1. Sort out which residues of segment 16-30 are outside any helix (DSSP H, G or I) and of a type in the set (A, V, I, L, M, F, W, C), and write them in order of number.
2. Could you tell me whether segment 31-51 includes any residue that is part of a helix (DSSP H, G or I) and in contact (Cβ under 8 Å) with a residue 60 or more places away in the chain?
3. In segment 72-94, which residue that is in a loop (DSSP other than H, G, I, E, B) and open to solvent by 80 Å² or more (accessible area, probe 1.4 Å) is modelled with the highest pLDDT?
4. Give me the residue from segment 15-51 that is buried (at least 17 other Cβ atoms within 10 Å of the Cβ) and of a type in the set (D, E, K, R) and, out of that set, farthest from residue 78 (Cα to Cα).
5. Tally time: how many residues in segment 52-71 are surrounded by 11 or more Cβ atoms within 10 Å (Cβ to Cβ), assigned to a loop (DSSP other than H, G, I, E, B) and modelled with pLDDT of 90 or more?
6. What's the total number of residues in segment 44-90 that are aliphatic (A, V, I, L, M) and in contact with a Phe, Trp or Tyr (Cβ under 7 Å, 6 or more places away or on another chain)?
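The values are calculated or read from the model by the stated rules, or taken from the named source; none is laboratory data. Everything numeric in this text was worked out from a predicted model, so none of it was measured. Methodologically, a virtual Cβ is constructed for each residue, glycine included, from the backbone with ideal geometry; neighbour enumeration extends over all protein chains shown. Just so you know, the surface numbers come from the protein's heavy atoms only, side chains and all, with ligands and any DNA or RNA stripped out. Shrake-Rupley method; radii C 1.70, N 1.55, O 1.52, S 1.80 Å.
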Amino acid sequence: MPAVVVEKNDRKHLFKVTEACSQLPERDLALLGILFGTPMKVIEIAQLKVSDVLDCKGDYLKESKIRAEIAFNGLSRPLYWSSKPLLECWMRIS
């Protein structure tokens, strides 16, 4: 089993502090949710487009893909926007 770098309680504390102290809490919580809730690398997250996360109505997608042009290995792969850390963040900003 891989080592846990950020424990669940620490993650929750980070979300609370971000929500309370950030000048743009919605943006920052969304980014933290993506960082902790997906297997994406930081460089991949930095290259996301809104259409990778939201549908045309502005609702969060449940399933998407990491586009080949931003994937670290150049191969598109599925991405599910339903992990618990990600949903915890999005519930705070919804």
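1. Residues of segment 16-30 that are outside any helix (DSSP H, G or I), as a first pass: 22-24.
24, the sole residue that qualifies.
2. Residues of segment 31-51 that are part of a helix (DSSP H, G or I), as a first pass: 31-37, 42-46, 50-51.
Okay, now just the ones that are also in contact (Cβ under 8 Å) with a residue 60 or more places away in the chain, so none.
Checked segment 31-51: no residue is part of a helix (DSSP H, G or I) and in contact (Cβ under 8 Å) with a residue 60 or more places away in the chain.
3. First, the residues of segment 72-94 that are in a loop (DSSP other than H, G, I, E, B): 72-76, 81-83, 94.
Checking which are open to solvent by 80 Å² or more (accessible area, probe 1.4 Å) leaves us with 72, 75, 94.
Details: 72: 93, 75: 96, 94: 60.
Top of the filtered list is 75.
4. Selected residue: 28.
5. Within segment 52-71, residues that are surrounded by 11 or more Cβ atoms within 10 Å (Cβ to Cβ), assigned to a loop (DSSP other than H, G, I, E, B) and modelled with pLDDT of 90 or more number 4.
6. Of the residues in segment 44-90, 3 are aliphatic (A, V, I, L, M) and in contact with a Phe, Trp or Tyr (Cβ under 7 Å, 6 or more places away or on another chain).
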